[in-house]
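Here the structure comes first, spelled out in structure tokens, and everything after it is commentary.
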Amino acid sequence: MKKALRLFTFMCLILTLTACGVSEKDYQAAVSEKEALKTELETAQQENKVLNESVTEIYKERENLLAEIDRLKDENKALTAKKDADQGGTGKAAGKDSYIIQPDDTLGRIADKTGVPLEDLKRLNHITNNDVIWVGQKLRLR
């Protein structure tokens with residue numbers, strides 16, 4: 001029944017197009033072009049679906065990598081804090097009796113980190129001017 005209905009519809013369409021001056025040949029060319037465009041559209045939709053899935057996977061991987069970076073940063077902070085605690089401050093302690101000056105250190109900060117009074121740091125290291133210290137300098141703490 002469906003085939004008969006489709007055939008009848010097709011024949012009515014041909015008659016209508018013929019009455020309007022459109023030949024069956026032109027109609028068939030239009031139908032062929034429509035089918036080609038439909039196939040092209042379906043192909044493009046399938047490619048778009050694949051691309052969307054790929055983009056989704058890339059974003060998921062990106063989120064996983066960012067989470068891993070955050071985890072590593074946290075781990076690094078924890079290890080740095082442990083190392084600093086083991087060394088008796090946030091700078092690099094060369095041993096219990098000395099300290100290596102780090103960027104942004106001041107004598108006051110070093111005194112706070114190490115628990116050595118500022119005047120003792122100056123006396124032990126023959127420092128007369130608090131502003132004259134440099135990164136990498138080794139200070140005696142005792």
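Data overview
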| item | result |
| --- | --- |
| In segment 23-59, the trypsin sites (Lys or Arg not before Pro) that fall in loop regions by DSSP, at most 11 other Cβ within 10 Å | none |
| Two-site FRET efficiency, L124 against L66, from Cβ-Cβ distance with R₀ of 30 Å, rounded to 0.05 | 0.05 |
| Nitroxide proxy distance, nm - points 7 Å out along Cα→Cβ at K34 and D74 | 6.0 nm |
| Residues whose placed amide H lies under 5 Å from that of S98, excluding near-sequence neighbours | L141 |
| K25 paired with Y59, simple spin-label distance in nm, labels 7 Å along Cα-to-beta-carbon | 5.2 nm |
| Shape call, segment 99-142: gyration tensor on alpha carbons, a/c limit 1.5 | rounded |
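Read the figures in this text as sums done on the coordinates, not as results from a lab. Keep in mind that what you see is a predicted model, and the values were worked out from it rather than measured. No Cβ is skipped: glycine too gets one built from the backbone with ideal geometry, and neighbour counts run over all protein chains shown.
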